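Worksheet: the structure to be examined is printed underneath.
The values are calculated or read from the model by the stated rules, or taken from the named source; none is laboratory data. Predicted model, so just to flag it, every value in this text is computed and none were measured. Because the Cβ atoms are built from the backbone with ideal geometry, glycine has one as well, and the counts that use them run over all protein chains shown. Surface accessibility is based on the protein's heavy atoms, side chains included, excluding ligands, DNA and RNA. Shrake-Rupley method; radii C 1.70, N 1.55, O 1.52, S 1.80 Å.
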Amino acid sequence: MLQRSHRWSAFASGATLYTLVFIFAHHFWSVPLHMRHGQPELLLFLLPGVMIALLQPASPMVSTLWSAIAGTLLGMSWVVVTEQVTHTPLLGVAWSLSALFWAGCGALLIRLLRIMLAMRIN
């Protein structure tokens, strides 16, 4: 029972952090098209991936994916409710997929570090 409780709390905290990063980083949609020059704020999505991978060492990628999907849905619903959306839905989907990619990269980074540590110990 303790393991199941830990899994749900890790999922909830990961989805919450992902949603907060999503809300913080979404401001680029309000910038006019001619002023957009890259989006370094997408790198912030490495943080939820790292945190989820640290909390769920057995399945870091699957846990990160599910938490990121839940966080994306929560973040997009917040953006739609509170902001005047001036972008196309396709731009929102592309940006959300980029955010999922960077969260997955954060989880892969932790997995790589664990493998490197295990090789160094042996």
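Residues in segment 77-104 that are crowded, with 17+ Cβ neighbours inside 10 Å and over 14 Å from Ala25 (Cβ atoms): Gly104 only. Residues that are modelled with pLDDT under 90, aliphatic (A, V, I, L, M), open to solvent by 30 Å² or more (accessible area, probe 1.4 Å) and part of a helix (DSSP H, G or I): does segment 32-46 have at least one? Yes, the conditions are met somewhere in segment 32-46. For Ala12, the test of being part of a helix (DSSP H, G or I), modelled with pLDDT of 85 or more and surrounded by 17 or more Cβ atoms within 10 Å (Cβ to Cβ) is failed. Return the residue satisfying two criteria in turn: it lies in segment 22-31 and is surrounded by 12 or more Cβ atoms within 10 Å (Cβ to Cβ) and not β-branched (Val, Ile, Thr), and of such residues it is modelled with the highest pLDDT. Of everything passing the filter in segment 22-31, Phe22 is modelled with the highest pLDDT.
Of the residues making up segment 78-95, just one is polar (S, T, N, Q) and touching a residue at least 40 places away in the same chain (Cβ under 8 Å), namely Thr86. Looking across segment 67-118, the residues that are of a type in the set (Val, Ile, Thr) and either modelled with pLDDT of 90 or more or part of a helix (DSSP H, G or I) (or both) come down to Ile69, Thr72, Val79, Val80, Val81, Thr82, Val93, Ile110, Ile115. Within segment 105-122, being open to solvent by less than 80 Å² (accessible area, probe 1.4 Å), farther than 20 Å from Ile23 by Cβ and in contact with a helix residue (DSSP H, G or I) (Cβ under 7 Å, 6 or more places away or on another chain) holds for Cys105, Ala107, Ile110.
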